[in-house]
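Accompanying notes for the structure given below.
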Amino acid sequence: MKIRLTEKLLWDIWKLIKIKDQIKDEALSGKWYGFKDPFEMIWPDFYGIRDVYWKKYRDKNKKERFTRMVRYLKNKGYLQVKDLKNRKAVMITDHGMKKIFNIGIKLKNRKQRPDKKWQMVLFDIPETSRRSRDLFRRQLKYLGYQNLQKSIFVCPYDVLKVTQQLIKNYKLQRFVRLLLVEEIKI
């Protein structure tokens, strides 16, 4: 699947990343004690952000850094430039989508299961789906699963929903079984 990205969309993504970081920093600093309305809590300068946005948008140093980042992603094979209807568009490649998915999984907070049980994944994926099998194994390790055998993984973390999503994304429902076990010796 490829998503059409224009330069404007990439700049909008850059803006959202910077705003998210700013909000996180302000929230952690305790500045929001006694906020007036929900928008002020989520986005203190909601109505005035447009001016800040355009100032950052035009900032030459940030623009150059962003351009270098896009070039780097293109050279790594995560993005590609195509001509669409007399305009150039930047598109995320399949390789890029997989990388985004990997990063998203890595960034998830791992919480121990409250019931102290272990999530177990058993699979018998045929050799014809070797690539999916190898990617699936790698994703399980990112989630915190430990290898008992080549096709048996266990995890003490609460990652059931993410694991189910992985199985669905790789279309492995027929080949994978999920178990919840009381105790395991590793």
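Two decimals is fine: what's Rg over Rh for the range 109-181, C-alpha atoms, Kirkwood radius as Rh?
Value, to two decimals: 0.95.
In nm, to one decimal, how far is the Asp124 label point from the Lys161 one, both placed 7 Å along Cα→Cβ?
Going by the 7 Å Cα→Cβ label model, 3.2 nm.
Report, by chain and number, residues whose modeled amide H sits under 5 Å from the one on Leu79, excluding near sequence neighbours (fewer than 5 apart, same chain).
Lys74, Thr93
Between Arg65 and Glu182, take the C-beta separation as r, use R0 = 45 Å, and let me know the FRET efficiency to the nearest 0.05.
Once the sixth-power term is evaluated, E becomes 0.30.
Filter Lys88/Lys161; Lys63/Lys99; Lys76/Lys185; Lys99/Lys150; Lys82/Lys168 down to the pairs with a C-alpha to C-alpha distance above 32 Å, please.
Over 32 Å Cα-Cα: Lys88/Lys161; Lys76/Lys185.
Work out, step by step, the length gained on full extension between Asn86 and Lys74: first 0.36 nm times the residue separation, then minus their alpha carbon distance; give nm to one decimal.
2.3 nm
None of the figures in this text is laboratory data; all of them are computed from the coordinates on show. For clarity, every value in this text was computed on a predicted model and none was experimentally measured. Reconstructed Cβ throughout: ideal geometry from the backbone, glycine too, with neighbour counts over all protein chains shown.
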